[in-house]
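S.K.: Pasting in a structure now, in structure tokens, and then I'll have a few things to ask.
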Amino acid sequence: MADQHLSNSRLMVSSGCDLIAVEGEESIGQRTWASGEGVFKVDYDCTVEITRPKVDLSSLTADSPRNLPARVIPHLLPSRYCESDQFEAFVESEFAGLTGGAQIVAMRDWVETNIEYRSGSSRSTTTAAMTFVQRRGVCRDYAHLLASLARAATIPARLVAAYAPGVNPPDFHAVIEVWLDGAWHLVDPTGMAQPDEIVRIGVGRDAIDIAFMTVFGTAQLRCQQVNVVRRS
């Protein structure tokens, strides 16, 4: 992509069948299909060069829905984990008088302040509405909630699977991108990662589209380790 370049990568998968790779959503990243039995192991490492400038979100304006590109429109609508239609009244009352990037900044600050980050506090079935009620979650819950608030304000938002330094505990990370001034802009509602250091891995409507691994069949996670290092 224009703001990040994959300078090298290595993927090793213990599979008895040939791997098949296809483009990811919006041609970002790729999905790799593999067949596994018994112990299935995946090792991946890469180096990514980021040339993304810092942007003042509060200075950006929202695009009129009638002027949105066709590929952006799905990210304006409710999805399985982002019930944005249920947040319209809250957005109108809580963020009244704000528009565009200034509204997104206020929403980001509200989510970071009012939601408690607690590992193990949510499940794979937790939606944005559940997180809003429970007031706790992990990065994907923060991302689902902020995306829902943005869509409720008629600002397109998509989920982003990412790597980023500063994430604690080190793990796969979920953030969002919002469509302002004719382009996507990264936002981390947990406040752990800086937009100019986030590496996009995949994008989609919600967690269904950006899962790091989707299993067809039955599997049990034995172990997982993520390590992200910032290099000058």
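S.K.: Could you grab me the full set of residues in segment 208-232 that are closer than 24 Å to residue 5 by Cα and surrounded by 11 or more Cβ atoms within 10 Å (Cβ to Cβ)?
M.R.: 209, 210, 211, 212, 213, 226, 228
S.K.: Out of the residues in segment 134-180 meeting the condition of being among the charged types (D, E, K, R) and in contact with an Asp or Glu (Cβ under 7 Å, 6 or more places away or on another chain), tell me which one is farthest from residue 27 (Cα to Cα).
M.R.: Residue satisfying both the conditions and the ranking: 135.
S.K.: For segment 1-19: of the residues being in contact with a strand residue (DSSP E or B) (Cβ under 8 Å, 6 or more places away or on another chain) and part of a loop (DSSP other than H, G, I, E, B), which is nearest to residue 44 (Cα to Cα)? Outline the logic, then answer.
M.R.: Initial filter on segment 1-19 (in contact with a strand residue (DSSP E or B) (Cβ under 8 Å, 6 or more places away or on another chain)): 1, 3-14, 19.
With the extra rule that they be part of a loop (DSSP other than H, G, I, E, B), the set shrinks to 1, 3, 14, 19.
Numbers: 1: 20, 3: 22, 14: 12, 19: 14 Å.
Step by step, filter segment 1-19, then rank; the result is 14.
Residue by residue, here is whether (1) under 24 Å from residue 133 (Cβ atoms); (2) touching a helix residue (DSSP H, G or I) at 6+ places or on another chain (Cβ under 6 Å); (3) among the basic types (Lys, Arg); (4) part of a loop (DSSP other than H, G, I, E, B) holds:
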position	(1), (2), (3), (4)
55	no, no, no, yes
62	no, yes, no, yes
71	no, no, yes, yes
85	yes, no, no, no
93	yes, no, no, no
97	no, no, no, yes
110	yes, no, no, no
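S.K.: Would you mind telling me which numbered condition in (1) at positive phi; (2) out of contact with any Asp or Glu (no Cβ under 7 Å at 6 or more places or on another chain) residue 191 fails?
M.R.: (2)
S.K.: Does any residue in segment 1-14 that is under 15 Å from residue 202 (Cα atoms) come within less than 6 Å, Cβ to Cβ, of a residue that is among the acidic types (Asp, Glu) six or more places away or on a different chain, and which pairs are these?
M.R.: Sorted first by the residue in segment 1-14, then by its partner, the pairs are 5/49.
S.K.: Of the residues that sit in segment 168-184 and are touching a Phe, Trp or Tyr at 6+ places or on another chain (Cβ under 8 Å) and in contact (Cβ under 8 Å) with a residue 40 or more places away in the chain, which one is nearest to residue 60 (Cα to Cα)?
M.R.: Restricting to residues being touching a Phe, Trp or Tyr at 6+ places or on another chain (Cβ under 8 Å) and in contact (Cβ under 8 Å) with a residue 40 or more places away in the chain, the top hit is 178.
Each reported figure results from applying straightforward, stated rules to the coordinates on display, with no laboratory input. Computed from a predicted structure; not experimentally measured. Note that we place each Cβ from the backbone using ideal geometry, even for glycine, and neighbour counts take in every protein chain shown.
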